[in-house]
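Enquirer: Have a look at this one before I ask anything.
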Amino acid sequence: MDLEIRGVSKTYRNGVRALDGVSLTIPPGMYGLLGPNGAGKSTLMRTIATLQDPDEGSIRLGDIDVVAQKERTRALLGYLPQEFGLYPRVTAEALLTHFAVLEGISERGARRDAVESLLRQTNLWDQRTSKLGTFSGGMRQRFGIAVALLGDPKLVIVDEPTAGLDPVERVRFLNLLSALGQRAVVLLSTHIVEDVSDLCTRMAVIHEGRIILEADPLAAVEGVKGRIWQRTVTPDELQRIEEDLPVISTRLFAGKTIAHVFATSDPGPEFEAVQPDLKDVYFSAMKGLLGGGSP
Ligand code: ADP
């Protein structure tokens, strides 16, 4: 079952055009929606999750019209929003059981089995009698996934999930998502390139409400091979280089600034060719250097 987004636009009352003709085809598996803060990711996620309507365009999940058939969509949907409140004095097991009732799992044995299975999958079984207020950020996120997975959703939407997780929690959380990608459409929105490169077989980049790149991450990296060059620069040199060449990113390494530039041929003796990664693809796309629309 694919998720088909066609020509979706949204302008908020304050005049901000958060989505501008977004079209995407999202197959089962892990799909990454990558973009900077303010790009329109949450607006798109909330629209797909039936929490707000687009001004224009259509969204279909298999044969379901997501915008018109909200109840049918919700029955197949798991949504993990950017931030969610939890009842701090309730235990993980009690709250998940409560959500299972709301989800319509009314038979006691089936409910107990579903809750146990989800707490085990999310590695929270040993903490099932702990109060949610004592959970770390990573544990809260995993609990959010357990809630999102109740009712075996066919579409799972995860908005900026790894912000604030420590490296160990992040890996554990991404592994959990990846397992989920085996059986559902999983749409992961993030501004963290590594989340996408570690996990996703398909991705899109969104910028100012528009899709500026839709790609297979490996093929996209292959596509910029031979076009990314780097050199160490002083602030003055950086300013001069920027006048001639598209500098796609700068980063500090051992106290020095390393600039990456996009160039189809050798930009000069001080530069060396680098093995590109998905960050180079992302920053090149953001600068409008990959064709298919510029920001
Ligand atoms: P992202 O999730 O990529 O950070 P958002 O979808 O939250 O992006 O926001 C896209 C743009 O829409 C931003 O400019 C944001 O300020 C604006 N925006 C988001 N929600 C609202 C709202 N409810 N009312 C007005 N403007 C909004």
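Enquirer: Quick test of your reading of the structure: Ala39 fulfils all but one of (1) within 14 Å of the ligand (Cβ to nearest atom); (2) of a type in the set (A, V, I, L, M, F, W, C); (3) surrounded by fewer than 22 Cβ atoms within 10 Å (Cβ to Cβ). Name the failing condition by number.
Expert: Here Ala39 clears every test but (3).
Enquirer: When you scan segment 8-30, do you find a residue that is within 16 Å of the ligand (Cβ to nearest atom), open to solvent by 40 Å² or more (accessible area, probe 1.4 Å) and of a type in the set (Phe, Trp, Tyr), even just one?
Expert: For segment 8-30, residues within 16 Å of the ligand (Cβ to nearest atom), open to solvent by 40 Å² or more (accessible area, probe 1.4 Å) and of a type in the set (Phe, Trp, Tyr): present.
Enquirer: Against the definition (assigned by TED's automatic domain parsing to the domain that holds Leu174, under 14 Å from Leu180 (Cα atoms) and open to solvent by 30 Å² or more (accessible area, probe 1.4 Å)), how does Tyr87 come out, yes or no?
Expert: In short, no.
Enquirer: Still on this structure, I have one more. Go through segment 47-80 and report how many residues are open to solvent by 30 Å² or more (accessible area, probe 1.4 Å) and within 13 Å of the chain's Cα centre (by Cα).
Expert: Selection size over segment 47-80: 1.
Enquirer: Still on this model: Given (1) under 16 Å from Val186 (Cα atoms); (2) more than 16 Å from the ligand (Cβ to nearest atom); (3) open to solvent by less than 30 Å² (accessible area, probe 1.4 Å); (4) not charged (D, E, K, R), where does Phe143 come up short, assuming only one miss?
Expert: (1)
Enquirer: Collect the residues in segment 117-149 that are more than 17 Å from Pro88 (Cα to Cα) and at pLDDT 90 or above, keeping them in residue-number order.
Expert: Ser117, Leu118, Leu119, Arg120, Trp125, Asp126
Enquirer: Ok, one more. Considering Gly151, Gly164, which residue is surrounded by fewer than 20 Cβ atoms within 10 Å (Cβ to Cβ), at positive phi and within 16 Å of the ligand (Cβ to nearest atom)?
Expert: Gly164
Enquirer: Which ones in segment 245-295 are basic (Lys, Arg) and over 27 Å from the mean Cα position of the chain (by Cα)?
Expert: The one that is basic (Lys, Arg) and over 27 Å from the mean Cα position of the chain (by Cα): Lys256.
Enquirer: OK, next. Please work out which one of (1) closer than 29 Å to Ala49 by Cβ; (2) assigned to a helix (DSSP H, G or I) is the condition Arg240 fails and give its number.
Expert: (1)
The values are calculated or read from the model by the stated rules, or taken from the named source; none is laboratory data. Owing to the predicted nature of the structure, the values given are computational and were not obtained by experimental measurement. Backbone-built Cβ (ideal geometry, glycine too); neighbour counts: all protein chains shown. These accessible areas exclude ligands, DNA and RNA; they are computed on the full protein's heavy atoms, side chains included. Shrake-Rupley method; radii C 1.70, N 1.55, O 1.52, S 1.80 Å.
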